[in-house]
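Participant: One structure is given below, represented as structure tokens, and several questions about it will come after.
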Amino acid sequence: MGAVPKSKVSQRRRGNRRSHNALTRPHLVICPKCGRPARPHSVCLECGTYKGMSVIQVEEE
Ligand SMILES: [Zn+2]
């Protein structure tokens, strides 16, 4: 007949399940080249550099 819950999930059980669902803020480091926040261990998407080296071309605006 379908995947129908057999009984109501208690507040405690629902809360226990959701105890793992919290979101965390993304980690950011300041790019040494442009000074803007960027993800660590990644090419800066603002200026296209990684560890001070130009890696990708970023279109200028
Ligand atoms: Zn940058």
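Participant: For the range 41-52, take each phi angle, set θ = phi - 60°, evaluate the Karplus expression 6.51 cos²θ - 1.76 cosθ + 1.60, and give the result in whole Hz per residue in order, putting x for glycine and proline.
Facilitator: Each residue of the range 41-52 in turn: 6, 9, 5, 5, 7, 7, 10, x, 10, 9, 6, x Hz.
Participant: Can you give the extra length, in nm with one decimal, that the chain gains between Leu23 and Glu59 once fully stretched, where that is 0.36 nm per residue apart less the Cα-Cα distance?
Facilitator: 9.8 nm
Participant: I would also like to ask the following. Over the chain, what is the mean sequence separation of C-alpha contacts under 8 Å (at least six apart), divided by residue count, expressed as relative contact order in percent?
Facilitator: It comes to 17 percent, rounded to a whole number.
Participant: Can you work out ³J(HN,Hα) from phi for every residue in the range 20-31, in order, using Karplus 6.51 cos²θ - 1.76 cosθ + 1.60 and θ = phi - 60°, giving whole Hz and x for Gly and Pro?
Facilitator: Result, ordered by residue: 9, 8, 5, 8, 10, 5, x, 6, 9, 10, 8, 5 Hz.
Participant: Shifting gears a bit: Straight-line reach from Lys33: which lysines fall under 21 Å, measuring Cα to Cα and dropping same-chain residues less than 8 apart?
Facilitator: Lys51
Participant: Based on the alpha carbon coordinates of the chain, what radius of gyration and maximum Cα-Cα distance (Dmax) apply, in Å?
Facilitator: Expressed in Å, the Cα Rg and Dmax of the chain come to 22.1, 60.
Participant: Taking θ as phi - 60°, what are the ³J(HN,Hα) couplings along the range 8-17 by the Karplus curve (6.51, -1.76, 1.60), each to the nearest whole Hz, with x for Gly and Pro?
Facilitator: Listing the rounded values in order: 5, 7, 5, 4, 5, 5, 4, x, 4, 5 Hz.
Laboratory data are not the source of any read-out in this text; all were calculated from the coordinates shown. These figures come from a predicted structure and were not determined experimentally.
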